[in-house]
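In what follows, a single structure is set out as structure tokens and then discussed.
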Amino acid sequence: MTHSSPTQPGKARLIDGKAFAAQLREDISHRVADFKNTHGIAPGLAVILVGSDPASQVYVRNKIRQTQETGMQSFDYQLPAKTPESEVLSLIDQLNQSPDVHGILVQLPLPGHMDEHRITEAILPEKDVDGFHPVNTGRLSIGLPCLTSCTPLGCLMLLKAELGDLSGKEAVIIGRSNMVGKPMAALLLNENCTVTVTHSHTQNLAEHCRRADILVAAVGRPEMVKGHWIKPGATVIDVGINRIETASGESRLVGDVAFNDAKTVAAAMTPVPGGVGPMTIACLLHNTLEAAHRQQSVSTI
Ligand code: NDP
């Protein structure tokens, strides 16, 4: 499955994450129908949102809609910001025990009085469709089957569709967050890439980037990565989503990579928006179906 535009000299192919994600959701819908025929139930995803952060509300709405569109069952819990942590933990406990729920997601960030680690670790690893539980991150790091963090999983799918075998490629990741940078590094290492992980203390960042056949930027700094940081012919995955104000006072989304500059050097790159972003929810649905299969003891791996 390739979803990229043809190359023109001096112009990177665009890796169309939106089209790739639409195709992935369609495949998932067919597999959900098969699952229902075989097991007599739909895969179920429970989403817990605590508080009323506007960005999280939009995200959660999209997740619920796309879950339902693929034929899965959606369980939606919207709790006030002041909900005690113990109540969220007891809801997770109920969902862990429910045979109708195969995946549980607690939308981050949580209000300040809650311990994100305690909440994440309360979810059964086999229902942890965000891939944040230490059992899943540990299994990922030793190369065992697991539920993998959705955004890096989406990046890997795009990279494999674009490049095929990644073995031996020099991969540089900017950012070492638990959600993106670290699992991305583990995934690429498992694909036999030579992986460098950079962060805010890295010296000579541009030099590291210039070695990369695969450059993944997950920083959260608008257009930080310049064209001359990129190795000619590299494949660039821009995870960043940054809202900036234009000179005319309007706001627009940009990535961590200076797109117009970078596209004259890279061979292929993801745009923002329409690159990595749409893959994240598609991979959440993929993980939910995967979790449902495993809970019915029919692994698709
Ligand atoms: P975090 O803030 O958790 O991590 C940012 C990372 O970037 C840190 O490791 C930090 O280093 C590093 N960093 C910060 N400044 C620099 C610098 N000047 N040079 C090198 N490294 C630097 O962010 P996330 O990983 O959660 O997200 C990164 C971006 O991706 C954001 O824009 C976010 O919105 C976006 N995102 C997009 C998703 C999608 O679906 N497309 C999903 C998740 C995130 P240090 O560790 O030293 O502080």
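Quick notes on this structure:
- Between helix 17-39 and the chain there is an angle of about 30 degrees, using the helix long axis and the longest principal axis of the Cα atoms.
- Projecting the Cα positions of His102, Ala42, Ile241 onto the charge dipole of the chain (unit charges on Cβ atoms of Lys, Arg, Asp and Glu, taken about the Cα centre) puts Ile241 furthest along the positive direction.
- Positive-pole candidate from Ile142, Leu159, Asn178, dipole of segment 142-201, charges at beta carbon: Asn178
- Its DSSP H runs of at least 4 residues, each contributing -39,500 (n - 2.57), put the calculated 222 nm mean residue ellipticity of the chain at -12500 deg cm²/dmol, to the nearest 500.
- Taking the Cα centre of segment 156-257 as reference, the dipole from Cβ charges on Lys and Arg (+1) and Asp and Glu (-1) amounts to some 180 debye.
- Placing dummy labels 7 Å off each Cα toward the beta-carbon, the span from Gln68 to Ala161 is 2.6 nm.
- Label-to-label distance, nm, for residues given as Ser90 and Asn192 (7 Å Cα→Cβ offset): 5.3 nm
- The alpha carbon radius of gyration of the chain, expressed as a multiple of 2.2 N^0.38 Å, is 1.01.
- Helix 277-295 and the longest principal axis of the C-alpha atoms of the chain enclose an angle of approximately 40°.
- Under 18 Å from Lys169, Cα to Cα: aspartates and glutamates that are on another chain or at least 8 residues apart: Glu191, Glu207, Asp213, Asp238
- DSSP bridge orientation in the chain - percent antiparallel, rounded to nearest 5: 15 percent
- With K and R counted +1 and D and E -1, the other residues having a Cβ less than 9 Å from that of Ser74 yield a net charge of +1.
- Summing Cβ point charges (Lys, Arg +1; Asp, Glu -1) relative to the Cα centre of the chain gives a dipole of roughly 640 debye.
- Counting only Cβ charges, +1 for Lys and Arg and -1 for Asp and Glu, the dipole size of segment 205-263 around its Cα centre is about 140 debye.
- Taking Cβ separations below 4.7 Å as the criterion for a possible disulfide partner, the isolated cysteines in the chain are Cys146, Cys155, Cys193, Cys209.
- In the chain, taking the dipole from charged Cβ atoms about the Cα centre, the farthest positive-side position among Ala21, Ile123, Gly227 is held by Gly227.
- When the pairs Lys18/Lys82; Lys18/Lys160; Lys63/Lys263; Lys36/Lys160; Lys11/Lys182; Lys36/Lys127 are compared against a 25 Å limit on Cα-Cα distance, Lys18/Lys82; Lys63/Lys263; Lys36/Lys160; Lys11/Lys182 fall above it.
- Degrees between helix 150-163 axis and first principal axis of the chain (Cα, 0 to 90, nearest 10): 50 degrees
- Backbone HN-Hα couplings from phi across segment 140-148 [Karplus 6.51/-1.76/1.60, Hz, Gly and Pro as x]: 4, 6, 9, x, 9, x, 6, 8, 10
- Value of relative contact order over segment 110-213, rounded to a whole percent, pairs C-alpha under 8 Å and six or more apart: 22 percent
- Electrostatic tally near Leu159: other residues with Cβ closer than 11 Å to its Cβ, Lys and Arg +1, Asp and Glu -1, net -2.
- Sparsely packed loop sites in segment 167-241 (the trypsin sites (Lys or Arg not before Pro) outside DSSP H, G, I, E and B with at most 15 other Cβ atoms within 10 Å) comprise Arg211, Lys226.
Each reported figure results from applying straightforward, stated rules to the coordinates on display, with no laboratory input. Since the model is a prediction, treat every value here as computed from it, not as a measurement. Cβ coordinates were reconstructed from backbone atoms using ideal geometry, including for glycine residues, and neighbour counts include every protein chain displayed.
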